[in-house]
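Data first, discussion second: the structure below is written as C-alpha cells.
The values are calculated or read from the model by the stated rules, or taken from the named source; none is laboratory data. Please read all numbers here as calculations on a predicted model, not as lab measurements. Using ideal geometry, Cβ is built from the backbone for each residue, glycine included, and neighbour counts are taken over all protein chains shown. These accessible areas exclude ligands, DNA and RNA; they are computed on the full protein's heavy atoms, side chains included. Shrake-Rupley method; radii C 1.70, N 1.55, O 1.52, S 1.80 Å.
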Amino acid sequence: MRFLVLVWNNLKRKKLRTSLTLLSIFVAFVLFGLLCSIREAFMAGVSMAGADRLVVRHKVSLIMNLPVTYGPRMERIPGVESAVHWTWFNAIYQDEPKNFFGSFPVNPEPFLAMHSEYLLPEDQKQAWLKTRTGAIVGRTLTQRFGWKIGDRVPLTSPIWPRKGDQAWEFEIVGIYDGAQKGTDTSGFFFRYDYFDEARARGEGTVGWYFVRVTDVNRVAEVANAIDAEFANSPYETKTEPEGAFAQGFIQQMGNFTTILIGILSAVFFTILLVAGNTMAQAVRERTGELGVLKAVGFSNGLVLALVLAESCLITAVGGLAGLGAAWLFAARGSPIPAILPVFYLPTENVILGVGLVFALGLVAGILPALQAMRLQIAVALRKTD
Amino acid sequence: MINWLSQVASITFFNLRTIPHRKGAAVTAAVGIAGVVAVFVGVFSIAEGFRAAMTVAGPDDVAIVLRSGSDSEMTSGLSREEVRLIADAPGVARMPGGPLASAELFVIINLPKRSTGTDANVPLRGVEKAAAAVRGDIRIVEGRMFEPGRNEVVVGVGAARACSGLGLGRAIRVGQTEWKVVGIFSGGGGAAESEIWTDAAVLQPAYHRGDSFQSVYARLTSPQAFQEFKDALTTNPRLKVKVLRQAEYLAEQSSMLTGFIKGFGVIIASLMALGALFGALNTMYSAVAARTHEIATLRALGFGASPIILSVMVESLALALVGGAVGAAAAYVAFDGFQAATINWQTFSQVAFAFTVTPRLLTYAVTWAAAIGLLGGLFPALRAARLPVAAALRDT
Amino acid sequence: MMKGETPKPSAVTEANRMSPDDGILVRVDNVDKTFHRGSEEIHVLSGLSLEVPGGDFLALMGPSGSGKTTLLNLIGGLDRVTRGSVSVGGERIDQMSNRQLAAWRARHVGFVFQFYNLLPVLTAERNVELPLLLTPLSKAERRKHVETALDVVNLSHRSRHHPRTLSGGEQQRVGIARAIVTDPTLLLCDEPTGDLDRKSGDEVLHLLQALNREHGKTIIMVTHDPHASARAKRTVYLDKGQLSTEKPE
C-alpha cells in the first residue's frame, strides 16, 4: 500500500495525456455496459423463462388460433399441472401505432396462478375479478403513459373488432410489478370473458397456451404428449419449453450476439492499442527515473509491479467509471420501451466488466512493464558526457 | 498569400516526414479511426441493405389498399365485397381478363432458418391470378408458376436462400396437407423475394379465413392516376380503407427496424468516435510536445502561428484519412453483399437482405474520420502556436 | 548551517553497519569493463585495482570518457564487471544476482547524482522516503527517518515542496538526504557539484565533509572540479583506464 503513493503520483504527471487515456477507456466501458444491456433486453425472454413451463401454439404458425377447449383437454394429460391461454390483441392506443404495447385477454385467476412472476396485490386481484371490463397494467407501462388505478382506457384492435365496431373500453383496476429485475412489466391484461362475448368474430378461440408441468424433468415427455393429443386434428399444436420459444424469436433476428461481440472486440482492441501506447510512451519518458528507483534498490520485480499497477489504476479509474455510468443509464429505464421493454445491466456483466478492466490494465501495461524491468541501470542513468 | 501557403506546405511536409519516427503513436491513432469507420460502415450497411430490400424502386403505379387503421397487412381485413369494389374503382388498369388487381392474404408459416436451424416466421402470401402482372417485376427463375386451386406454392429466391427445405420439388406442411414447391421467383431484389406465394383461394380455408382477404394490390393506369383512385375509395361510404403507393407502404414497413438499427449504429459509432478522438488528441499532443524545440525555432525564425496550426491539423487529418480509408476498405471487403435475413417486427416475418455498403455510406464514414482528424489536431495545434518561444528554445 | 546532532541508531542503522575486517571497505581487483556498441568493442577499464578504506573520502578525477562514472557504477552495483572482482564490506558484489544487488544497494549504498535525479511528481520528503519504502519500517518510523535526514541537510522547511520549486542547491541537498536516509556506510557521488554555482556547490561539499568526518561515512566522489577534490581526503586520477595518484599533465 505504501507504494500506492508512488503509483498515484505518477498519474499526476502529464495530466492531459492521462485524462485523455482515461476518457477513451471510460468510453469503451460505457459502450460495453450499453451493449450488454441491449443484449439482455433482447434475451430477457429467455433468461426469465420458467423451467417448468411450456408454450403451446398452432403448429403452422403463431398467428393462427387454437380452440379455448384445448385448455381443459390439456389439463387432463398426465404431467400437466395447469394450462393458461393468451391471445394477441394488438391494441392501438390513441390511434398511434407508436404507442405500441403488448395487450392480452386472459382468464384472471389461472393467469395469475401460472405467472407468479407478476405480483398483484390481493385487493386489486379481487377488483379485477369483480370488474368485467377491468384490466391490470404493468408498472413500466403506467410510467410510460401516466396511468393510474381507476383510469378509463379505450383501445381499438385492427384484428379483433368489437361487435358494433365501437372501441373496446377498459378500466384499470390493478398495477402489477415484476418479481425479478428482468420481468417484463409492460403488459396490458384484461378479461377473456369480456373479450370473447363482445368480439365480432373468432368466438371460442385463443392465441396460444402456457402449460405448467408437474415434474421439471419430464418437460420433453409432456410436450410430446400434448402434440400427440392434437395430432391430425384441424388444429395441430407445436409445444416447446418457454425458454426455447423465447430463444426462437431471438434466433429470428439473426446472429445478433456475434455482431455485438464483433463490435465490442473492435472497440476493445482499439482502446488497448491507445492505452498500451500511452503506457509505453510514459515508461520511455521515465527511463531516467526508473533507473534511479533501481539504483536506490528497487528490485526488477518491484519496478515491473509498479508499472503494471499504474496501468491497472488508469484502466480501473476509467473502466469502473464507465461501467458505473452505463449502469446508471440502464437504471433509468428503457430508452425505447416499445421495442425493448426490459432494460438493465445484469450483475454478471458488471462482474465481467470489472474483470475486463483489470485484464486490460495488465495487457496494456505488460510490455512497458517488462521493458522497465529489464532496464540496465547504468544505461538508464547515463548522461551525455 | 503565396508566402503563407508555402510556409504551410513546407512545415507540413516536414511534419509528415517525421511520422515514421513516431510510428507507434501514429499507427495507434490511425487504427483507432479505422476501427470507428469499419464499425460504422458495418452497422449501417445492415440498415442500408435492409432498407434496399424493403424499398426496391418498383414501378410507381402500384397501389396497396388496406383496412383503415391497420398499419400492416397482417392486421388488416377486407371482405370479398370490399375487394370487388376496390378492383372496380377508377384508375385501375384493365386487361382483357379483368382489372389488374390482386386481393391478397398475408400470413406466417414457421419454417427452419438455415443459419440457426430454428424456426423462423416466413411470410406466406395468398394471391390472385393478376398478382405478378400487377407488380411487374416478378419473374419465375426456376420451375413454373403455381396452378390455381392446387396445393402448390412458388418461393422467392430470398426465402429459398434463408430457409431450408424450400427447394424445387420439396413440400411444406400446412396442417394436414402438403404443398409442393413448383417454382422459384425473383422480384427485382425487393421484399417479395422473402415470401412464399400460393393461390389465395387455397390459403383461405387452410388458415380458416373464410372468404376474407387482407389487402388489394392494384396496378394503376398511370402514376398520376393514384389520386383519383385514392379519392374514389376514401369517399365511398361502403369502404373504410387506407390507400398507399407500394413504395410508401414498404418504406413504412421497414421504418421501425431501420430506425432502430440506425439509431443503434449512431450511438455505437458516436461513442467509438469519441474514443478515437481522444486517441487522436493524445497522439497529436505528444507529437507537438516532442517537437516543442523545433516549433519554437521555426517561430523564432519567423514562421507565423497560423501555418504552424494548419500544419499540425493537416498532419492529423492525413493520419485520420489513412485510417479512415483502411477502415472503409476493410468494411467493404468484409461486409458488402453478405447475405442475411432477419425478422421485421412490423410484419412479424423474415426479410432476406444483403449487407450493402453504398458510396453514400462510405462518404459519410470518411467524413466522420476527417472530422475526428481535424478536431484531434485542432487543440494541440493551438497549443503549439501559443508556445512561449523563448522558454521553449531554452528547454533541453 | 549544519546541525551537529548525530542521528539516533535504529534497527535500520544497525543492520547497515558494514564491518570490514582489515579496514578496507571497497576492494576493486583487476577489473575489466568492456562496452559493445554495435560491432565495436570499447575497453573502458582494463586490469584496474583500487582499495578504499572505511572512513575514506576519495575524489576520483580524470578527463571526459575516462571511465570514472563506470567505475563508480561498478562499485555501487549499478553495472557488472566484464572480468575481475569487486567486494564491498567483505561481500563479493560481482557475484550477486540482480535481486540480491537491489537489496544490497538499498541497505548499504547511497547515491548522489549530478542532475539530482529526483522524481518530479513527488515532494521533497516523499523523494527522501523512497529508499525506506523497501524496508519493513512502519509509516511513523519512516517519517522519523525522513525528518532526521532533512534536518541533517537543513531542508526541513522545504519538505513539502516539489523539485521544480527548489533551487539547484536545494535539490541536491534533497538528493543527499535521500542518499543517507537508510544510513548506509558508503556514499557514491557522481559530479555532485557539476550543475551548481560556486556557493551552492560549497554548501554541498561542506555537507559531504561533515557526513564523512562526523558520521563516519565512506565517500567516493567523481568530479572534475579541483575545488571539490580539495575537500576530499585523497584524490586518484583515472586516465585511459589506468589509475594513478599523480595528476597527469
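The eigenvalues of the Cα gyration tensor, multiplied by 5 and square-rooted, give region C:95-142 an equivalent ellipsoid with semi-axes of 21, 17, 8 Å from largest to smallest. Could you work out how far helix C:168-180 tilts from the main Cα principal axis of chain C, as a 0 to 90 degree angle to the nearest 10? Helix C:168-180 sits roughly 80 degrees off the main axis of chain C.
Think of the protein assembly as shown as having a plus end and a minus end, set by charges on the Cβ of Lys, Arg, Asp and Glu; of C:Leu207, B:Ala25, A:Ala179, C:Leu207 sits farthest toward the positive end of this dipole. On the principal axes of its alpha carbon atoms, region C:28-105 extends 37, 29, 18 Å, with the longest extent given first. B:Arg219 sits among other residues whose Cβ lies under 9 Å from its own Cβ, and their net charge, with Lys and Arg +1 and Asp and Glu -1, is 0.
Residue by residue along B:117-128, Cβ atoms of other protein chains within 10 Å of the local Cβ number 3 on average.
Taking the Cα centre of the protein assembly as shown as origin and assigning +1 to Lys and Arg Cβ atoms and -1 to Asp and Glu Cβ atoms, the resulting dipole is close to 2000 debye. Computed from point charges on the beta carbon alone (+1 for Lys and Arg, -1 for Asp and Glu), the dipole magnitude for chain A about its Cα centre is near 2080 Debye.
The ellipsoid that matches the Cα gyration tensor of region B:90-151 has semi-axes, each √(5λ) in whole angstrom, of 29, 14, 11, with the longest given first.
How much of the pair distance distribution for region B:209-333 lies past 20 Å, counting alpha-carbon pairs only, in percent? When all Cα pairs of region B:209-333 are counted, 70 percent exceed 20 Å. For the protein assembly as shown, a Kirkwood hydrodynamic radius built from all Cα pairs, placed in the Stokes-Einstein relation at 20 °C and 1.002 mPa s, yields a translational diffusion coefficient of 61 µm²/s. Across all directions, the average flat footprint of the convex hull enclosing the Cα atoms of region B:15-77 is 8.4 nm².
Count Lys and Arg as plus one, Asp and Glu as minus one, and take only other residues whose Cβ is under 15 Å from that of B:Glu147; the net charge is then +1. Summed over qualifying helices (DSSP H, 4 residues or more, each -39500 (n - 2.57)) and divided by its residue number, the protein assembly as shown shows a 222 nm mean residue ellipticity of -15500 deg cm²/dmol. The value for chain C of Rg(Cα) / (2.2 N^0.38 Å) is 0.99.
To the nearest ten degrees, helix A:287-296 and the longest principal axis of the Cα atoms of chain A are 70 degrees apart. Highest mobility in the GNM of chain B, judged by mean-square fluctuation with C-alpha springs under 10 Å and restricted to B:Pro223, B:Pro205, B:Pro96, is found for B:Pro96.
Residues of region C:95-113 that bury at least 10 Å² of accessible area when the other protein chains are present, relative to the chain alone (probe 1.4 Å, heavy atoms, ligands and nucleic acids excluded): C:Asn98, C:Arg99, C:Ala102, C:Arg105, C:Ala106, C:Phe111, C:Phe113. From largest to smallest, the equivalent ellipsoid semi-axes obtained for chain B from the alpha-carbon gyration tensor read 61, 22, 15 Å. Dividing the Cα radius of gyration of region A:131-282 by 2.2 N^0.38 Å, with N the residue count, gives 1.60. Solvent-accessible area of chain A (1.4 angstrom probe, protein heavy atoms only): carbon and sulfur portion equals 60 percent. Translational diffusion of chain A, estimated by Stokes-Einstein from the Kirkwood radius over alpha carbon pairs at 25 °C in a medium of 0.890 mPa s, is 98 µm² per second. Taking every alpha-carbon pair within region C:72-195, the share separated by more than 23 Å comes to 33 percent. Shielding value for B:106-114 is 3, the average number of Cβ atoms from other chains within 10 Å of each residue's Cβ.
Loop-located chymotrypsin sites (Phe, Trp or Tyr not before Pro) in region B:163-220 (DSSP state not H, G, I, E or B) with no more than 16 neighbouring Cβ atoms inside 10 Å do not occur. Taking a temperature of 37 °C and a viscosity of 0.692 mPa s, what whole-number D in µm²/s does Stokes-Einstein yield for region A:47-253 with Rh from Kirkwood over alpha carbon pairs? Reported coefficient: 185 µm²/s. For the residues C:Gly76, C:Gly110, C:Gly84, a GNM of chain C with alpha-carbon springs under 10 Å puts the largest fluctuation on C:Gly84.
As a rough guide to protection, the peptides B:98-105, A:115-122 ranked by mean Cβ packing within 10 Å, highest first, stand as B:98-105, A:115-122.
Taking each of A:Lys163/A:Lys238; A:Lys148/B:Lys240; B:Lys113/B:Lys180; A:Lys59/B:Lys262; A:Lys59/B:Lys180; A:Lys294/C:Lys33 in turn, the alpha-carbon distance tops 23 angstrom for A:Lys163/A:Lys238; A:Lys148/B:Lys240; A:Lys59/B:Lys262. At q = 0.12, 0.15 Å⁻¹, what is the base-10 log of I(q)/I(0) for region B:69-239 according to the Debye formula with one equal point scatterer per Cα and no solvent? Please give it to two decimals. Values returned for q = 0.12, 0.15 Å⁻¹ are -0.56, -0.85. Counting, for every residue in A:23-31, the Cβ atoms of other protein chains within 10 Å of its Cβ and taking the mean gives 5. Taking 16 Å as the straight-line reach from the Cα of C:Lys233, the lysines in range (excluding those fewer than 8 positions away in the same chain) are C:Lys217, C:Lys247.
Region B:274-321 and region A:184-251 have their alpha-carbon centroids 66 Å apart.
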